[in-house]
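Read the structure below first, then the notes.
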């Protein structure tokens, strides 16, 4: 008997696939279990093939997994497409009144469960409620209690659609009972655990909570998958926290508005994906030149151009490292999971304001929309730090004064006793445009000096696992959880491996890396892109080229099992 | 309260515009208007983009933001949303505001933020030395249209009317007292004030000169600014007689007034410590 399940539901867009996945994840979380959600869907509002995968077990789940144990097929395509992902003893829940299994080669060991999903759904309401029936059936098959589901359905529909509550509960219950009365042999069971103070959340929301907690006041954003839920989160909560949220005419407006907002003194945020970030690039340089503290979230999806708009990739690191003409300091963060995304939200504005520079936060579809069970966020240690922000202007105030650390004291427009110009042209300490060589050198040095101090303040990449292991994985951003699960699984194959994960990418920290490279015999770079972009940065910063690379650019993140296989094949 | 003197707005640095450029006169009208309204220089922010006119913030002793080409409006929007106590001005040329930045201008007008927009309109690209502009007349010979422009020019006033601007006026650099008066009215107006300003370029535009405008412009006197339709037809009057003055004015809540978040105090003055996220986080359990 296995005490986990990797559950998958598939069907057309518009069938409520994504929402039932979230509901199941919350259900597991409320039962003291851990869940990890990942979805795949085409760029369509209706139609096309949608799936949600949810790994659930009693210990923390850090990534998606490849082998499916329970498949809910709302159409025939789901079985055809995902048959090869099933474990030999997997169960398939389907409705023979909707489609037959003719022409599909099914292993004898599979458990076929034929439920009249449509009939039950229509008996209580509409066909669209098949997802709820299937969820009821799933939890029954896993031998979990029904109770928590009732509460969740109530919460999901309360207020707006109260009439849907009883019919959905009834439909779920009938799906639940259908299985319960049949004594089906299934090798995967979940047992409710002691209640924990856990939440089920994705990185977009986690980052947003962190940003709000840190005193965010102004958001300007143009919607773009997979960053759009940051805009809707902020809009939904704007009156709770007195934040002004502006949907702009384009991404150019978005970044320039937050530059204006940050100049005027509010913690200001924008979020986008690679395409929108391309439009923001000139504004990014303006923030660099005027030393305006802004935070830009770039949730990556595969390019170039529109690329695979609803899929995932880590393809924009090289781009954001040098985006915009000229040279100016910037901080690039790439949180690896929802806890780190929350921390990034919390601290990014401190960094932006202390060093008066743009902060770029790299997420991707996999974490932006990948809900995970995690412990309740803790911000007790957090303190707002606004750096050299003065409430009164000193005598002979100079906005761009030369200082040891490159950071000049800042006053906000409206401050009595002085005035100044923020200037996108090269300028003097006062902010006056100036093209003299001597001033140019001083100003460039002053701005770039901030990087040296920032580099000292940010943490080294984190090393996970045995520090003396002979095999080392190196990755950044959202690949973290997958690599961590791979390390665990490698133990079963008697391979000791550790992981060096870059959460803060630039300015680049090399100390831990260099130490590690001396010890490890086998080093594998794992990146969700084509050209090993972190690898290129490592080579640029240290002169070291990492030979072994495991790269995936299919529009999907890795599975731990793929990494395990790759590590085992290393000579 | 001490009365502001005109000299308060003078900077140590001198403008680098060509001698005789219309921008000198617009700067002078703006300073006069600020003085007349008794505005404290520290409570004024002048935001500009790129182009000859966009150097202006450097030569007026207020807070300023010299941004990038076409983006003065979004920068100013951010400033105003974060601190609506400030008096925010946008200074933009015809290329900057009606060309590369036009998208932002249209949206700013429909939003009705309380911003005063000065569109320095010389119907030519100055800083890049004489290319055609969105307001160049059909047939205008420039370095990029040596055979004459074959495009119909943008009509900023008609565009303002169509986009929901609540204050639409046209001034002329050659009539600084009249222009200063328009700037005062536009600033005192609650909402987005679009002031298009004829600003002869003495170096590169040999057609739309001071002489050209002196002969043609006349001040609107009989016109009722509440009359939208008449304002629209007046905005197309061009040729021997060209009207200047207030074309249209109407009342509508400003963007900031419609935001409950800004009811009590500007964003920048709100406390940001001790934000409690715990109750919303409960929903994720």
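Could you calculate the FRET efficiency of residue A:240 with residue B:252 from 1/(1 + (r/R0)^6), where r is the beta carbon distance between them and R0 is 22 Å, rounded to 0.05?
E between residue A:240 and residue B:252, to the nearest 0.05, is 0.20.
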**OP:** Working from Cα positions, state the angle (0 to 90°, nearest 10) between the long axis of helix A:274-290 and the longest principal axis of chain A.
**Re:** 20
Original post:
Can you put A:207, B:212, A:377 in order, fewest other beta carbons within 10 Å first?
Top reply: B:212, A:377, A:207
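Quick one: which of A:230-242, B:101-113, A:288-300, A:454-466 comes out on top by average Cβ neighbours within 10 Å, and what's the full order, highest first?
A:288-300, B:101-113, A:230-242, A:454-466
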**OP:** Tell me the label-point distance for the pair residue A:154, residue A:453, using the 7 Å Cα-to-Cβ offset, in nm and rounded to one decimal.
**Re:** 5.5
**OP:** Calculate how steeply helix A:228-241 sits against the longest principal axis of the alpha-carbon atoms of chain A, using the helix alpha-carbon long axis, and give the answer as 0 to 90 degrees to the nearest 10.
**Re:** 70
Original post:
Taking neighbour Cβ counts within 10 Å as the exposure measure, how do A:98, A:436 sort from fewest upward?
Top reply: A:436, A:98
Original post:
Within 10 Å of each Cβ of A:552-559, how many other protein chain Cβ atoms are there on average?
Top reply: 0
**OP:** Just subtract the alpha-carbon distance of residue A:177 and residue A:122 from 0.36 nm times their residue separation and send over the number in nm, one decimal.
**Re:** 18.1 nm
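Once the convex hull of the alpha carbons of region A:201-375 is built, what does its volume come to per residue, in cubic angstrom?
Hull volume normalised by residue count: 95 Å³.
Looking at the square roots a ≥ b ≥ c of the eigenvalues of the Cα gyration tensor of region B:188-230, which shape do they give, rounded for a/c under 1.5, prolate if a/b is larger than b/c, or oblate?
oblate
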Subject >> Test item: A:212-219 mean partner chain Cβ contacts at 10 Å >> reply: 5
Original post:
Considering the Cα trace of region A:4-196, what is its radius of gyration and what is Dmax, both in angstroms?
Top reply: 15.4, 47
Original post:
Can you give the Kirkwood hydrodynamic radius for the protein assembly as shown, in Å, rounded to one decimal and based on Cα pairs?
Top reply: 29.6
**OP:** Just grab the label-to-label distance for residue A:468 and residue A:403, each label 7 Å out from Cα along the Cβ direction, in nm (one decimal).
**Re:** 4.6
Original post:
Quick one: helix A:437-457 against the long Cα principal axis of chain A, what's the angle to the nearest 10°, folded into 0 to 90?
Top reply: 40
Original post:
Taking a temperature of 25 °C and a viscosity of 0.890 mPa s, what whole-number D in µm²/s does Stokes-Einstein yield for region B:16-143 with Rh from Kirkwood over alpha carbon pairs?
Top reply: 165
Original post:
By what distance, in whole Å, do the Cα atoms of region A:56-123 stretch along each of the three principal axes, largest value first?
Top reply: 37, 30, 19
Subject >> Stokes-Einstein D for chain B, Kirkwood Rh over Cα pairs, 4 °C, 1.567 mPa s (µm²/s) >> reply: 66
**OP:** Quantify how much of the Cα-Cα distance distribution of region B:162-256 extends past 22 Å, in percent.
**Re:** 30
Original post:
If r is the Cβ-Cβ distance from residue B:271 to residue A:97 and R0 is 56 Å, what FRET efficiency results, to the nearest 0.05?
Top reply: 0.40
Original post:
Given the C-alpha centroids of region A:499-539 and region A:242-300, what is the distance between them in whole angstrom?
Top reply: 29
Original post:
Measuring from centroid to centroid over Cα atoms, what is the spacing of region B:1-51 and region B:241-285 in Å?
Top reply: 28
**OP:** Report the percentage of all Cα-Cα pairs in region A:127-192 whose separation exceeds 19 Å, rounded to a whole percent.
**Re:** 31
**OP:** Would you work out if region A:273-332 is rounded, prolate or oblate? Take a ≥ b ≥ c from the square roots of the eigenvalues of the alpha-carbon gyration tensor; rounded if a/c is under 1.5, else prolate when a/b is larger than b/c, oblate otherwise.
**Re:** prolate
Original post:
In nm, what is the difference between 0.36 nm times the number of residues separating residue B:5 and residue B:110 and their Cα-Cα distance?
Top reply: 34.3 nm
Subject >> More than 16 angstrom apart: percent of Cα pairs within region A:476-520 >> reply: 50
**OP:** Determine, for A:568, A:267, A:46, the number of other Cβ atoms within 10 Å of each Cβ, and report the residues in order from fewest to most.
**Re:** A:46, A:568, A:267
Subject >> Rough spin-label spacing in nm, given labels placed 7 Å along Cα→Cβ, for residue A:80 and residue A:376 >> reply: 4.9
Original post:
So what's Rg/Rh here for region A:388-458, counting alpha carbon atoms and using the Kirkwood radius for Rh?
Top reply: 0.99
Original post:
When the Cα centres of region A:356-423 and region A:444-495 are compared, how far apart do they sit, in Å?
Top reply: 26
**OP:** With a Förster radius of 51 Å, plug the Cβ-Cβ distance of residue A:305 and residue A:104 into 1/(1 + (r/R0)^6) and report the FRET value to the nearest 0.05.
**Re:** 0.90
Original post:
Going 7 Å from the Cα of residue A:390 in the Cα-to-Cβ direction, what parts of region A:424-459 have a backbone nitrogen less than 15 Å from that spot?
Top reply: A:429-431
Subject >> Highest to lowest packing among B:250-257, A:424-431, A:247-254, B:225-232, scored as the average C-beta count within 10 Å >> reply: A:247-254, A:424-431, B:250-257, B:225-232
Subject >> Shielding of A:248-255 by partner chains, average beta-carbon count, 10 Å >> reply: 5
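Quick one: Cα convex hull volume of region A:185-239, Å³ per residue?
146
Bear in mind that the values in this text are calculations on the coordinates, not laboratory data. None of the values given here were measured: they were computed from a predicted structure. Using ideal geometry, Cβ is built from the backbone for each residue, glycine included, and neighbour counts are taken over all protein chains shown.
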